[in-house]
Amino acid sequence: MSKVVKGFICGLVIIAFVLVPACRSKKTTPPKVVPAETAESVPPIPTMTTTETRVTNPPDFVQTETQSPRVTTENLPADIEELNRVAQQRGYLQDAFFAYDESTLSTDAQSALTAAANWLKRNAQYNLLIEGHCDERGTEQYNLALGDRRANTAKEYLMTLGVDGSRMRTVSYGEERPFDPAHTESAWVKNRRAHLVIVGR
Amino acid sequence: MTAAALALIVTPLYAQTQIQTSIEASKAANIVRVAIPWPDTMLSTEAINGPFFAPLTRDIAGSGVFAIAPVPPNIPPNADLAKSANAQFVLALRVTAEEQDYVVEARLLDTTGAMQFGKRYRGTAPALSRIAHMVANDLVRALNGRPGIFLSQIAYASNRSGYYEIWLMDWDGANQRQISHHEALSILPSWSPDNDRMVYTSLGRGTSDMYIINRRGGGRIRLPTGVGLNTSATFSPISNDIAFVGSIAGNPDIYVIHDDGRNLRRLTTTTSIESTPEWSPNGRQISFTSGRSGTPQIYVMDAEGTNVQRISFEGEWNDDATWAPDGEQMAYTSRVNGRFQIRIMNLVTRESRIVAGEGSNEQPTWSPDGRWIAFQSNRSGRWQIYRMRVDGSDLMPLTFEGENKDPDWSKKAE
C-alpha cells in the first residue's frame, strides 16, 4: 500500500517538475510548482503510517503570503532599473545566448533560463520582457524575425519551467541594439541573446 | 524648417561644370545632346543656382535620355548655339521675379530654331526646386513619351534626431525631412502605390507595431494585426492589401492584411523563419526570404501563398529581394566573401551579377523608371544611403548626417 502512495507522489513530482530526472525513494525532493493543496488532495489512506515520503516545502519555495513580501521587499530595490541591475549582477536573471543564425537553446542557455525561472517563480509579482537580439552579420529584416524566434524560444522554455506565460511578453530588436558595438567575434557572441528585463508588477 | 535648410547646406552643391554622364557606348547613340546655357535672368546666381539650375541640370544629366553638351561662351541661346555645341537641342530658360513669385519659362529649341517644347511655371522661392524637377520631367516626357522620375521620393530611416525615425528626401538627396515622431525605433518604410502613404514598423509602444502615415507626416494610424512582429510591411500595387511578417509564438511567417486591419491571411505555414515579403509589380506574386533550406534564401510564391519556388542558390545568406518595375529583374542582398553586396538577377534567364562595392551593401530599391537603384552601405564607416545606375555607375551618396538606412523609392514616377 505504501508503495502505491510512493508511486503516486513520485508521479506527481514527475508531472509537475519534468526536469527532475528521477524520483528518489527516500526524502523525495518536493516539486516546486505543486501547491500544498494539490498534495493534500491525494485520497487519504487510513492505514498509512510512515512519514518518510511526506512532501514538505523546500526552504526557497515561497508559497505562503506571509513569506513572500518579506523575502522580496527586504532584499530587492524598489526602483525597477536598479532591480534589473541587481538581478543581473546577482545572477537571478541571466540572458540566454545563441549560436550564429540559431534559435535553439544550448545547455548553457537552458541553465541560465532555469536560474531565471526559479527567481521568477519566487517573485511572482514581477512581469518579464524578453528581448530578442542578433549580431550585425545578418540582414536587418531577417534578423528581426530571428530575434522574434529567439525571444519566444526563451519564453516557451520559461513556461515549461513553470513561469506563467501571461507574465511574459517578447519583442525583437534584431540587430538594432547591440550590447557591444564592436565588429568582432567576441562582440557578436554577446549580441546574440534573449535579454531578460523585469518590467514591473 | 531650420533642419531642412541645414540639410540643404550640408548637401554639396553641384555646379554645372561638374555634371557628367557616363552612359555606355552602346546606348550613347540614343542619347540626345542638349545645351543648357545659364538662364536669362536679372536674379542673383545664389538665388537661381542652388534652388533651380543645379537640380535641373542634375536631373537632365541623370535622365538617361539627355546628355548635357558643354556650352561655348558668348553665344545667345538659339539654333546657332545648338550647332556650335554639337547638340540636337538648346534648353533656353528665363527666370523672372513677379512680386512673391518666381516665373520660369522653359523652351526647347532644335537646330532649326523651332520650339519643340515650351512651358511657363510659377511658384514661390521654396517651390523653385520643385519647378526644376517639373521642367526635367516634362522634357523627358516630351522626348521619351515616358515621365521622368525627378519628383519621386525616397523614404528611409534616419537616426539623426536621436532615434531611428521615418524620413523623406527628393530623388537627388535634397529636401531631407522627418516624417514620423515616435521618439522610438521606427524603421522599414514602404510606399503605397499612389505615393500618398507609407507603412512602417515602430517600437514606440514597447511592442513591434505597424503604422501607416501620409507623406506629409499626418494621418498616422496604428494597424493592429492580431499577431506579433509586424515588420517588413509592404503595400500591394493593385489592391488594399499589405503583406508583412507576422509571428505567433516565435514562428515568423508571411501574412497579408487589408489596410483597414481586416481580413488577416497567413500565406506561409512552415516552421522555419520567413521574412521580407515584396510584391511583384503586377501584384500577382510575392517574393520573400525563408530559412527553410537551412540558410536565408529568396523564394517567390503566388499572392495566395501557392506555387513556391526558390530563386537564390548562391551564397549562404540572401535577403531584401525587390522587383524591378518591369518585373523581369530582381535586386537583393547577397553575401559574397563575408560581405553583403547587391545582386541583380534576370528572372527569365536566372542569371545574376553582383554590383560590387566597398563595405556591406544592403536593401536595394528600384527607381520608378528602373534605371537606378538606391541602397544602404556602411562603406564610410556608418550606414548611409547611396544611389547608382543599375550597372553600378554614377554612384552618389544621398545622406551624410547621422546614420541612414532602409531606403524605399516611391512607386509612381511623379
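Only the coordinates and a few stated rules stand behind these numbers; no lab work does. Bear in mind the structure is a predicted one, so any value in this text is a computation, not a measurement. All Cβ positions, glycine included, derive from the backbone under ideal geometry; neighbour counts span all protein chains shown.
Some observations on this one:
- Within 10 Å of the Cβ of each residue in A:129-141, the mean number of Cβ atoms contributed by other protein chains is 5.
- Other protein chain Cβ atoms within 10 Å, averaged over every residue that makes up A:148-160: 3
- Using a simple spin-label model with pseudo-atoms 7 Å out from Cα toward Cβ, B:Glu314 and B:Glu358 lie 2.4 nm apart.
- Once both labels are positioned 7 Å from their Cα atoms along Cα-to-Cβ, the gap between B:Gln100 and B:Asn240 label points is 3.7 nm.
- Net charge of the neighbourhood of B:Glu403, taken over other residues with C-beta under 14 Å away and scored Lys/Arg +1, Asp/Glu -1, is -3.
- Estimated inter-spin distance, B:His258 and A:Ala99, nm [label 7 Å along Cα→Cβ]: 4.6
- With a Förster radius of 22 Å applied to the C-beta separation of B:Arg350 and B:Asn282, the computed FRET efficiency comes to 0.70.
- Square roots of five times the Cα gyration tensor eigenvalues for the stretch A:91-199, Å: 24, 13, 12
- Per-residue mean of foreign Cβ neighbours for B:244-252 is 6 (Cβ atoms of other chains, 10 Å radius).
- Placing unit charges on the Cβ atoms of the charged side chains and taking the dipole of chain B about its Cα centre, the candidate lying farthest along the positive direction among B:Asn346, B:Gly315, B:Tyr332 is B:Asn346.
- Helices in chain B, meaning DSSP H runs of at least 4 residues, each add -39500 (n - 2.57). Divided by all residues, the mean residue ellipticity at 222 nm is -3000 deg cm²/dmol.
- Listed residues B:Ile187, B:Ile311, B:Ile75, most fluctuating in chain B (Gaussian network, C-alpha, under 10 Å): B:Ile75
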